[in-house]
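Shown next, in structure tokens, is the structure this report addresses.
The values are calculated or read from the model by the stated rules, or taken from the named source; none is laboratory data. It should be emphasised that the depicted structure is a prediction, and the values quoted were computed from it without experimental measurement. FYI the Cβ positions are ideal-geometry reconstructions off the backbone, even for glycines, and counts take in every protein chain you see. Only protein heavy atoms, including side chains, enter the accessible area calculation; ligands, DNA and RNA are left aside. Shrake-Rupley method; radii C 1.70, N 1.55, O 1.52, S 1.80 Å.
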Amino acid sequence: MHLLSTIERHLRRNRVPPTRFGREAVNDPRFVLDLRRGREPRAATRDRVLAYIAMHREQAGA
């Protein structure tokens, strides 16, 4: 559940729709919606998502 809360925080802070986030982060527009329904991502996918969020955080200077 920690990954989903991190994603949700990113979505709110950056005003990004969940489908856009999923498409850009892991090439899956349903990714966030599926996580909300209980999907458990693989470790490699989780790492890609966290790297994507970190990259955007660095670009924003936060």
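Here are some notes:
- Positions within region 44-60 being of a type in the set (A, V, I, L, M) and in contact with a Leu (Cβ under 9 Å, 6 or more places away or on another chain), in sequence order: 49, 50
- With respect to the conditions (1) on the phi < 0 side of the Ramachandran plot; (2) of a type in the set (D, E, K, R); (3) loosely packed, with under 14 Cβ neighbours inside 10 Å, residue 15 lacks only one, and its number is (1).
- Pairing residues of region 12-23 that are touching a residue at least 40 places away in the same chain (Cβ under 8 Å) with residues that are open to solvent by 50 Å² or more (accessible area, probe 1.4 Å), at Cβ distances under 7 Å and at least 6 apart in sequence or on separate chains, gives 14/56.
- Residue count for region 35-47 under the criterion of being exposed (fewer than 15 other Cβ atoms within 10 Å of the Cβ) and part of a helix (DSSP H, G or I): the result is 4.
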